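Working notes, beginning with the structure itself.
The values are calculated or read from the model by the stated rules, or taken from the named source; none is laboratory data. No experiment lies behind these values; they were computed from the predicted model shown. Please note: Cβ atoms are built from the backbone with ideal geometry, for glycine as well, and neighbour counts cover all protein chains shown. Surface areas here come from the heavy atoms of the whole protein model, side chains and all, with no ligands, DNA or RNA. Shrake-Rupley method; radii C 1.70, N 1.55, O 1.52, S 1.80 Å.
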Amino acid sequence: MEMTDSSLTQPRLPARLRRLWHKERVWLATALILLMLILTDRAQAGATVLFTLDALGSTGPFLILSIAIAAWATATGADNLIARAFTGAPALMILLAALAGALSPFCSCGVIPLIAALLAMGVPLSAVMAFWLASPIMDPSMFVLTTGVLGLEFAVAKMLAAIGLGLLGGWVVHLVARAGGLADPLREGIGNGGCGGAKLRAPRPVVWRFWVEPERRAKFGREALSVTLFLLKWLALAFVLESLMLAFVPAETITATLGGTGLGPIALGTLVGVPAYLNGYAALPLVGGLVTQGMAPGAGLAFLVAGGVTSLPAAIAVWALVKPKVFALYIALSLSGAFAAGVLFQLWTMA
């Protein structure tokens, strides 16, 4: 009997492990990275944990606000109104989203919670993409610091690049969607679909005082918990990877490869900016020093734009939210927009 029991239970373990990996692979990946660090470099393991906790803490207000908005919209039914408010007048909607993104104080990872809430509430992908692409590139404090380090001309160029990239992305997505593509951009199990079609077809009344109804209170709690767990697991992994890149990939090494003139350095700056994460504020003096030493200004702008939008931590978070075809379009728009911004700025400085 004992042999029979063992033979019956042994095959179940791999299946259970597969189910556990499928369900909790993000948390397990983060834990495995930290375990490897503990075994090989305890000092860096401690530094990575502290960096991740500090980054999550600094992102906390944005997380709490975004989680509250998503849960409140679900509990009250206000997502019906929000979905309707973002329909029609695509030109104005995309323009306002790009401008709002350029003025918002979100970094490439910090914008992810808000994007998740917007897509889950049914905001059209064209407006979300315009905001998504413009937001990490520029904000008011970044504009001031960029002016001080790289000059007003560079700061204005970076601001225009943010708005222009947002407009490009918004209109491309709008035209593709109008042709029948990009339906339901969110991954399965995230929100209730990006198009918000059901809300538009059958709008329900909004109950602003949702807390007076036990069912809506429970819905608020379930949605808040679900969004919190989803965002925490992906942001924790993103910040762990960010810490490792900052520790093991010197910023000076990354930016030192972008010297020279012509289209080559601009293309290289665009490509290097994708996997190489640099804090936007820390990157400014490094790029400023290289520009002073002869680096092409267009390459510097392309690097900052591409790095801000498509850095590896941000790309991981985007991959977690949307389907592969939307992710591929996000990357393509970021690369082409950053390269175009670099070329245009280079031509302007040479004129």
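Do the conditions hold for Leu63, that is, is it at pLDDT 70 or above, open to solvent by 50 Å² or more (accessible area, probe 1.4 Å) and assigned to a helix (DSSP H, G or I)?
Working: at pLDDT 70 or above: yes; open to solvent by 50 Å² or more (accessible area, probe 1.4 Å): no; assigned to a helix (DSSP H, G or I): yes.
Here the answer is no, as Leu63 does not meet what is asked.
Of all residues in the stretch 247-277, how many are part of a helix (DSSP H, G or I) and either modelled with pLDDT of 75 or more or small (Gly, Ala, Ser) (or both)? I'd like the intermediate steps shown before the answer.
Within the stretch 247-277, the first condition is being part of a helix (DSSP H, G or I), and the residues that meet it are 247-248, 251-256, 263-273.
Checking which are either modelled with pLDDT of 75 or more or small (Gly, Ala, Ser) (or both) leaves us with 247-248, 251, 256, 263-273.
Adding up the residues that qualify gives 15.
Results for (1) open to solvent by 10 Å² or more (accessible area, probe 1.4 Å); (2) more than 14 Å from Leu333 (Cα to Cα); (3) part of a helix (DSSP H, G or I), shown as yes or no for each residue.
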residue: Leu118; (1), (2), (3): yes, yes, yes
residue: Val123; (1), (2), (3): no, yes, no
residue: Trp132; (1), (2), (3): no, no, yes
residue: Phe143; (1), (2), (3): yes, yes, yes
residue: Thr147; (1), (2), (3): yes, yes, yes
residue: Leu160; (1), (2), (3): yes, yes, yes
residue: Gly166; (1), (2), (3): no, no, yes
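Of the residues that sit in the stretch 296-351 and are outside any helix (DSSP H, G or I) and within 16 Å of the chain's Cα centre (by Cα), which one is farthest from Ala134 (Cα to Cα)?
Residues of the stretch 296-351 that are outside any helix (DSSP H, G or I), as a first pass: 296, 311, 322-323, 351.
Of the ones still in play, those that are also within 16 Å of the chain's Cα centre (by Cα) are 311, 322-323.
On the way: Ser311: 14, Val322: 18, Lys323: 20 Å.
Looking at the filtered set, the residue picked out is Lys323.
Check off (1) at pLDDT below 85; (2) open to solvent by 10 Å² or more (accessible area, probe 1.4 Å); (3) within 13 Å of Val272 (Cβ to Cβ) for Ile316 and give me the number that stays unchecked.
Among (1) at pLDDT below 85; (2) open to solvent by 10 Å² or more (accessible area, probe 1.4 Å); (3) within 13 Å of Val272 (Cβ to Cβ), the lone unmet condition for Ile316 is (3).
Looking at the stretch 177-198, which of the residues that are among the hydrophobic types (A, V, I, L, M, F, W, C), under 22 Å from Gly77 (Cα atoms) and not in a loop (DSSP other than H, G, I, E, B) is modelled with the highest pLDDT? Outline the logic, then answer.
Let us first name the residues in the stretch 177-198 that are among the hydrophobic types (A, V, I, L, M, F, W, C), namely 177, 179, 182-183, 186, 190, 195, 198.
Those still in the list that are under 22 Å from Gly77 (Cα atoms) too: 186, 190, 195, 198.
After this cut, where a residue has to be not in a loop (DSSP other than H, G, I, E, B) as well, the list is 186, 198.
On the way: Leu186: 70, Ala198: 42.
It comes out as Leu186.
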